Amino acid sequence: MGRRSKDIAVPDQHGRLAVVTGANSGIGFETARRLALAGADVLLAVRDGDKGELAAARIRAETGRTGTSGAAGGPGGSVTAAALDLASLDSVASFADVLLERGRPVDLLVNNAGVMGVPARHTTKDGFELQFGTNHLGHFALTGRLLPLLRGAAAPRVVSVGSLTAWTARIDLTDLNSERGYRAMVAYGRSKLAGLLFAQELDRLSARAGWGLRSTAAHPGCCRTNLAYGGPVLDRAPGGVNLTALAMSVPGFSQEPARGALPLLVAATSPGAVGGGYYGPDGLGELTGLPARARLPRGAADLTTAARLWRASEQLTGVGFPA
């Protein structure tokens, strides 16, 4: 057999609006960049506005796109940035309200942003455990608020970004916010398993209600991104050892963001990506490699837990989805 390409082709995306959270760096940036290269109007939804503008400028410089607001439907296409703090339900509502007022359908929502491995328990502005509140509840609320615009698109997709840590996680519906005990990677794994349950349940609801929305999920394997350098150093004294970052630097154990973004791009754009499908690297342990169908963690296929988590998420966020 011949040597495989190290890349994938992204189908033409002209005329489509893509919203990518956490797109100022890492796999979010690479996903946004590739979507823009394929012709999409891309909105980088980021917590730090300055970093978002710098990232958008980098993509515009490479792609030749404009800074005119793509959400307004400019004919020349665009790459823009907007502030979104997923750890604040008010910020999620404000971000969504701007897009709803503009009225342009959202063809693609990539729920990528996240925080990982926070050593001590922190909470969001709404009192949720930081990782669960940001990684799951923030994206749950965002998707719900943008649902009218997603349903207005011709072939909308929502991509939820998972993690290999979801394999070791379980959902405790009586302690979603880790109030009875907190361990950093346990809470992180729970937040990513919740995201996978959300992706599965969203696709089932869409099929039942006739929304026309395809919900998929993907994970980047072990990827060298800022995720290893943000959460794990909160509350840590200067000079402390970041074991997460060290593990991700081992040769052959991890890959660059451009490669890690490929499963997301397959889930987001491939005609063959199925609703409820999960995609990741095809190498040993799904740590590295080219995109392929990934093994869905057993906990992510639990229909009862998915439905109960959905109802709990609606209650916690105050964001409901129509029947």
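The values are calculated or read from the model by the stated rules, or taken from the named source; none is laboratory data. Quantities reported herein were computed from a predicted structural model and do not represent experimental measurements. No Cβ is skipped: glycine too gets one built from the backbone with ideal geometry, and neighbour counts run over all protein chains shown. When the accessible area is computed, the model is the full protein with side chains, heavy atoms only, and any ligands, DNA or RNA have been set aside. Shrake-Rupley method; radii C 1.70, N 1.55, O 1.52, S 1.80 Å.
Quick notes on this one:
- Normalised by the number of residues in the chain, the mean separation of alpha-carbon contacts (under 8 Å, six or more apart) gives a relative contact order of 17 percent.
- Relative contact order (%) - region 49-166, alpha-carbon pairs under 8 angstrom, separation at least six: 26
- T305 - accessible surface, heavy atoms, 1.4 Å probe, Å² rounded to 10: 30
- Summed side-chain charge close to D107 - residues other than D107 whose Cβ falls under 13 Å, Lys, Arg +1, Asp, Glu -1: +3
- Heavy atoms of K6 accessible to a 1.4 Å probe, total area in Å² rounded to 10: 130
- Sorting the segments 311-318, 102-109, 80-87, 280-287 by their mean number of nearby beta carbons within 10 angstrom, highest to lowest, gives 80-87, 102-109, 280-287, 311-318.
- Neighbourhood net charge (12 Å Cβ-Cβ; Lys/Arg +1, Asp/Glu -1) for L196: +1
- Available extension along the chain between L284 and A120 is 55.8 nm, counting 0.36 nm per residue and deducting the alpha carbon span.
- Heavy-atom accessible surface of region 117-187, averaged per residue, reaches 39 Å², computed with a 1.4 Å probe.
- Of the beta bridges in region 22-178, as assigned by DSSP with both residues counted there, near 10 percent are antiparallel.
- Sum of -39500 (n - 2.57) over DSSP H runs of 4+, divided by residues of the chain (222 nm, nearest 500): -11000 deg cm²/dmol
- Accessible surface, per residue, of region 1-64 when the full set of protein chains is kept, probe 1.4 Å, Å²: 49
- A Förster distance of 51 Å, applied to the separation of the beta-carbon atoms of D97 and T168, puts the FRET efficiency at 0.85.
- Estimated FRET transfer efficiency (I8, R208; beta-carbon r; R0 45 Å; 0.05): 0.90
- Packing here is the average count of other Cβ atoms within 10 Å per residue, and on that basis the peptides 34-47, 52-65, highest first, run 34-47, 52-65.
- Mean-position separation - Cα centroids, region 115-131 and region 274-310, in angstrom: 24
- The portion of the accessible surface of the chain made up by carbon and sulfur, rounded to a whole percent, is 53 (1.4 Å probe; DNA, RNA and ligands excluded).
- Cβ crowding within 10 Å averaged over residues, with 88-98, 254-264 ranked highest first: 254-264, 88-98
- Antiparallel %, DSSP beta bridges [both residues in the chain], to 5: 15
- Listed candidates (i) 0.96; (ii) 0.94; (iii) 1.55 - label of the one calculated as Rg/Rh (Cα atoms, Kirkwood Rh): (ii)
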